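J.: Input: one structure, supplied below.
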Ligand SMILES: N[C@@H](CCC(=O)N[C@@H](CS)C(=O)NCC(=O)O)C(=O)O
C-alpha cells in the first residue's frame, strides 16, 4: 500500500466519517475531498457513485472505486486488515459482524437520518407523527444494542474485541444530542449498557483523531 485512498466526504454528514474512522483504525493513508451537497450530482463524485452521495472512495492501489459506507468498510477490512484487528475470520463471528453492520446500515442510518429530515428539512413543518415515529425508532434501535450487550455480557457487539461492526455505529450515535435534544440524556440514562459501549468506542485514539479532524474541518 503506497498511494493514499481518496475519500469523498462531507463536513456535516455522518456517513463518510464512518469510513474515515476505519481508515484511521487501519492506519491507511488517505486524502479527503469534501463535496458540497449541491455538487454531489455531478463529476467527479457521480462518476464513482451513481447515487451522488458520500462517502465514496477511489483506491489507486487496487483500481477499486466504490460507494455505500457499509460496503466500503467491508472492502477496506477485507483488503487491508491482514491481522484481523477489526474483524473475525472464524464462524459464526464473521457472519454476525455482517448482521450488525447491515443492521447499522438499515436500522440506524436511515432512521436517524429521517428524524433529522422531518425535524429540519421537510417542507411541511411540525409533522409530529413522522418526527415521533423516527424518534421512537432511534430509542428502539439503541435499545436493541443495549439489550444485546447486556444479554451477552460483553463489551462489544461480536466476540470480545472492538470490530468494524461496532465502529460503524459511532458517527450517527455521536449525533444523538443533535437528533433528540433533551431526549438524548434520557436515552443514555435508560440504556446504560449502550452508553458505556458508546463511550468505550469514543475513547479509542482513532475515533478521537477523527473527532478532532471533523471539528477542524467544520471550523474552517
Ligand atoms: N447509505 C448511504 C447514505 C449516504 C448518504 O446519505 N450520505 C449523505 C451525507 S451523510 C449525503 O451524501 N447526502 C447528500 C444528499 O442527500 O444528496 C451510505 O451509508 O453511504
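The values are calculated or read from the model by the stated rules, or taken from the named source; none is laboratory data. None of these values were measured; they are calculated from a predicted model. Using ideal geometry, Cβ is built from the backbone for each residue, glycine included, and neighbour counts are taken over all protein chains shown.
J.: Six or more apart or on different chains, Cβ atoms under 8 Å: show the pairs whose first residue is in segment 107-122 and more than 26 Å from residue 165 (Cβ to Cβ) and whose second is more than 10 Å from the ligand (Cβ to nearest atom) and part of a helix (DSSP H, G or I).
T.: 118/130; 118/131; 118/134; 119/131; 119/179; 122/130
J.: May I pose another question? Of all the residues that make up segment 51-106, how many are within 16 Å of the ligand (Cβ to nearest atom), part of a helix (DSSP H, G or I) and either touching a strand residue (DSSP E or B) at 6+ places or on another chain (Cβ under 9 Å) or on the phi > 0 side of the Ramachandran plot (or both)?
T.: Counting residues in segment 51-106 that are within 16 Å of the ligand (Cβ to nearest atom), part of a helix (DSSP H, G or I) and either touching a strand residue (DSSP E or B) at 6+ places or on another chain (Cβ under 9 Å) or on the phi > 0 side of the Ramachandran plot (or both) gives 3.
J.: Restricting attention to segment 12-36, and to residues there that are more than 15 Å from the ligand (Cβ to nearest atom) and in a loop (DSSP other than H, G, I, E, B), which single residue is nearest to residue 170 (Cα to Cα)? Even if it seems obvious, please write down each step before you answer.
T.: To start, the set of residues in segment 12-36 that are more than 15 Å from the ligand (Cβ to nearest atom) comprises 24-31.
Cutting the leftovers down to in a loop (DSSP other than H, G, I, E, B) gives us 26-29.
Working: 26: 16, 27: 18, 28: 19, 29: 21 Å.
Ranking the candidates gives 26 first.
J.: Tally the residues that are in contact with a helix residue (DSSP H, G or I) (Cβ under 8 Å, 6 or more places away or on another chain), modelled with pLDDT of 95 or more and in a loop (DSSP other than H, G, I, E, B), restricting the search to segment 1-11. Show your work before the answer.
T.: Of segment 1-11, the ones in contact with a helix residue (DSSP H, G or I) (Cβ under 8 Å, 6 or more places away or on another chain) are 1, 5, 7-11.
Now drop any that are not modelled with pLDDT of 95 or more, which leaves 5, 7-11.
Restricting the remaining residues to those that are in a loop (DSSP other than H, G, I, E, B) gives 10-11.
So the count comes out to 2.
J.: If you go through segment 135-152 one residue at a time, do you hit one that is touching a helix residue (DSSP H, G or I) at 6+ places or on another chain (Cβ under 8 Å), under 29 Å from residue 31 (Cα atoms) and modelled with pLDDT of 95 or more?
T.: Within segment 135-152, not a single residue is touching a helix residue (DSSP H, G or I) at 6+ places or on another chain (Cβ under 8 Å), under 29 Å from residue 31 (Cα atoms) and modelled with pLDDT of 95 or more.
J.: Suppose the filter is touching a residue at least 24 places away in the same chain (Cβ under 8 Å), farther than 29 Å from residue 117 by Cβ and surrounded by fewer than 18 Cβ atoms within 10 Å (Cβ to Cβ); does residue 31 pass it?
T.: Working: touching a residue at least 24 places away in the same chain (Cβ under 8 Å): yes; farther than 29 Å from residue 117 by Cβ: yes; surrounded by fewer than 18 Cβ atoms within 10 Å (Cβ to Cβ): yes.
The answer is yes for residue 31.
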